[in-house]
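Chemist: One structure, as structure tokens, below. Some questions next.
The values are calculated or read from the model by the stated rules, or taken from the named source; none is laboratory data. This structure is a prediction, so every number in the text was calculated from the model and none was measured. A quick note on method: Cβ atoms are made from the backbone with ideal geometry, for glycine too, and the neighbour counts reach across all protein chains shown. Note: accessible area is taken over every heavy atom of the protein model, side chains too, but ligands, DNA and RNA are not part of it. Shrake-Rupley method; radii C 1.70, N 1.55, O 1.52, S 1.80 Å.
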Amino acid sequence: MTESAAPLAYFHTAGPAADPITRLGWGLGIVSIAVVVIIAVLLLLAIFRKRHRSDGASERADEHAMAPSHKNAGLSWIAVGTGVSTLVLFGCAVWTLVTLSTIAAPRTAPRVVIEVQAYQFWWRVRYLDVSGTVLLTTANEIHIPVGQPVRFRLSSGDVIHSFWVPALGGKMDAIPGQTNVTWLQGSQVGRYRGQCSEYCGLQHAHMAFFVDVDSAADFEHWVDTQRRPASLPAQQDLAGARIFMNSCAGCHAVQGTEAHGAVGPDLTHLMTRKTIAAGVLPNGPSFLKQWIASTQTVKPGSEMPVVRLSASELNAIVGYLATLR
Ligand code: HEC
Ligand SMILES: [Cu+2]
């Protein structure tokens with residue numbers, strides 16, 4: 001089972017932007033079930049009572065028995081029923097509003113700011129400093145420090161997508177020409193799956209991403225690694241690097257080289273990612289070969305074309321990609 005096949009966690013949330021939603025979801029669910037059960041029981045009681053009474057009584061007496069009157073307390077049933085429903089519904093509305101305002105903004109201002117641009121069918125991820133300068137660029141796998149709110153600035157490079165990590169927070173649309181701002185926070189170290197949740201085309205279902213909640217030290221180490229340019233290829237990888245520059249660099253960037261393409265994911269530290277193609281395949285030399293040789297079979301409709309390469313060219317390119325750590 002690849003990680004992308006792991007289920008999205010709806011019931012086990014792990015952060016202050018998600019936990020209140022889970023509690024509200026359970027609460028409203030339980031209230032709704034209670035309402036259905038109570039009404040069903042009352043309805044059954046009423047049916048049962050009517051059958052019982054009509055045994056001996058005349059039809060006319062029966063009609064009168066149905067009408068509410070002060071004498072048989074029918075009116076107070078209506079008053080009690082309406083009163084209780086109003087109170088419960090009012091309580092639910094207040095709880096919903098309180099939840100919305102709790103998750104609207106984090107308690108402390110986020111220090112980590114991440115810009116996510118959605119594309120058919122992957123996510124470009126950029127970390128910004130306070131002045132808005134890009135610190136590093138990656139794709140599909142987002143690292144955040146545990147216990148800290150993180151600001152997300154969402155936009156789209158083509159159609160409307162939606163950014164959703166159920167275990168960490170509610171969803172937010174990524175819309176072309178507009179920046180939507182949200183936040184997430186992870187309270188437990190771990191890997192949480194996200195998913196595009198607005199139908200965006202053929203491979204919409206294969207537009208996953210991951211949020212890795214790291215310890216503070218791991219996060220800092222990760223940021224340091226990602227900010228470094230790619231190391232120069234060794235002698236045996238020079239041929240692969242050259243083929244890459246000719247066939248792939250128009251769409252892919254590798255920092256520190258002449259590859260500056262911006263159509264596809266930045267590959268500078270490709271090998272630090274656990275999956276490729278937005279969670280479609282695990283990462284590793286054999287999967288990279290499979291992806292490059294048969295992109296349109298692995299992910300039909302993907303924006304990456306099949307690039308014609310001989311077997312030795314493919315081996316050389318994958319040899320070079322494997323050095324991008
Ligand atoms: C026309 C532009 C284009 C060309 C040319 C191209 N790619 Fe891509 N590539 C993309 C796009 C777009 C994606 C994202 C596809 C997706 O996940 O839906 C991608 C994804 C990838 C990925 C997965 C990255 C990740 O982190 O998920 C790898 C690896 C890759 N390409 C390698 C290559 C190699 C090697 C070549 C040259 C043989 C190449 N690409 C040529 C556009 C291109
Ligand atoms: Cu989508």
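Chemist: Kindly identify the range 126-265 as rounded, prolate or oblate by the Cα gyration tensor criterion: order the square roots of the eigenvalues as a ≥ b ≥ c, call it rounded if a/c is under 1.5, otherwise compare a/b with b/c, prolate if a/b is larger, else oblate.
Modeler: Numbers: a/c = 2.00, a/b = 1.36, b/c = 1.47.
Judged from the Cα gyration tensor, the range 126-265 comes out oblate (a/c at least 1.5, b/c at or above a/b).
Chemist: Hey, if we sort T137, T102 by accessible area with the 1.4 Å probe, largest down, what's the order?
Modeler: T102, T137
Chemist: Check which residues have an amide H placed less than 5 Å from W123's amide H, if you skip close sequence neighbours.
Modeler: The list, which skips near neighbours in sequence, is N140.
Chemist: Ordered by residue, what ³J(HN,Hα) values in Hz, to whole numbers, does the range 79-86 give under the Karplus form 6.51 cos²θ - 1.76 cosθ + 1.60, where θ = phi - 60° and Gly and Pro are x?
Modeler: Result, rounded to whole Hz: 5, 5, x, 5, x, 5, 4, 4.
Chemist: Taking θ as phi - 60°, what are the ³J(HN,Hα) couplings along the range 309-321 by the Karplus curve (6.51, -1.76, 1.60), each to the nearest whole Hz, with x for Gly and Pro?
Modeler: Each residue's phi maps through the Karplus curve to give 9, 6, 4, 6, 5, 4, 4, 5, 4, 5, x, 5, 4 Hz.
Chemist: Also: So if R0 is 41 Å, what FRET efficiency would A205 and F48 give, r being the distance between their Cβ atoms, rounded to the nearest 0.05?
Modeler: 0.25
Chemist: If the chain between T179 and S215 were fully stretched, how many nm would it gain, using 0.36 nm times the residue separation less the Cα-Cα distance?
Modeler: Stretched out fully, the T179 to S215 stretch lengthens by 10.1 nm.
Chemist: With contacts defined as alpha carbon pairs under 8 Å and 6 or more residues apart, what's the relative contact order of the range 235-321 in percent? Present the calculation step by step, with values, prior to reporting the outcome.
Modeler: Numbers: 101 pairs, mean separation 26.8, N = 87.
Relative contact order, the range 235-321: 31 percent.
Chemist: Something else now. Go ahead and run the numbers for FRET between R191 and Q235, Cβ-Cβ distance against an R0 of 41 Å, rounding to 0.05.
Modeler: Values: r = 36 Å, r/R0 = 0.88.
In this case the efficiency is close to 0.70.
Chemist: Now for a separate question. Provide the percentage of antiparallel DSSP beta bridges, counting only those with both residues in the range 110-211; round to the nearest 5.
Modeler: 70 percent
Chemist: Another question, if that's okay. For V159, which sequence-distant residues (separation of 5 or more, or a different chain) have an amide H within less than 5 Å of its own amide H, given hydrogens modelled in the peptide plane?
Modeler: Residues meeting the amide H criterion: Q120.
Chemist: How much accessible surface does D224 have with a 1.4 Å probe, in Å² rounded to 10?
Modeler: Spelled out: D224, probe radius 1.4 Å, area about 90 Å².
Chemist: Once you mark the chymotrypsin sites (Phe, Trp or Tyr not before Pro) that are in a DSSP loop and have at most 13 other Cβ atoms within 10 Å, what is the longest gap between them in the chain?
Modeler: 12-198
Chemist: Counting pairs of Cα atoms in the chain, how many percent are more than 36 Å apart?
Modeler: 37 percent
Chemist: OK, next. Which cross-chain or sequence-distant (5 or more) residues have an amide H under 5 Å from the amide H of T275, H modelled 1.01 Å from N in plane?
Modeler: For T275, the qualifying residues are N283.
Chemist: Sticking with this structure for a sec: Could you work out how much longer the chain between S85 and A262 gets when fully extended? Use 0.36 nm per residue separation minus the Cα distance between them, nm to one decimal.
Modeler: 58.1 nm
Chemist: Considering only protein heavy atoms, what is the solvent-accessible area of S286 at a probe of 1.4 Å, reported in Å² to the nearest 10?
Modeler: Surface open to solvent at S286 totals about 80 Å².
Chemist: Leaving out ligands, DNA and RNA but keeping every protein chain, what accessible area does T182 have, in Å² rounded to the nearest 10, with a 1.4 Å probe?
Modeler: Solvent-accessible area, nearest 10 Å²: 20 Å².
Chemist: Indicate the gyration tensor shape class of the range 235-321 (rounded, prolate or oblate), computed on the Cα atoms with a ≥ b ≥ c the square roots of the eigenvalues: a/c under 1.5 is rounded; otherwise a/b larger than b/c is prolate and the rest oblate.
Modeler: Note, shape of the range 235-321 comes out rounded.
Chemist: While we're looking at this one, here's another question. Given the options V298, V113, V150, which has the most mean-square fluctuation in a GNM of the chain, springs set between C-alpha atoms less than 10 angstrom apart?
Modeler: Looking only at V298, V113, V150, the largest GNM fluctuation is found for V298.
Chemist: Read phi for every residue in the range 170-183 and hand back ³J(HN,Hα) as whole Hz from Karplus 6.51 cos²θ - 1.76 cosθ + 1.60, θ = phi - 60°, with x for Gly and Pro.
Modeler: Values per residue, Gly and Pro as x: x, 7, 9, 6, 10, 10, x, x, 8, 10, 9, 10, 9, 8 Hz.
Chemist: Restricting to bridges with both residues inside the chain, how much of the DSSP beta-bridge set is antiparallel, in percent to the nearest 5?
Modeler: 70 percent
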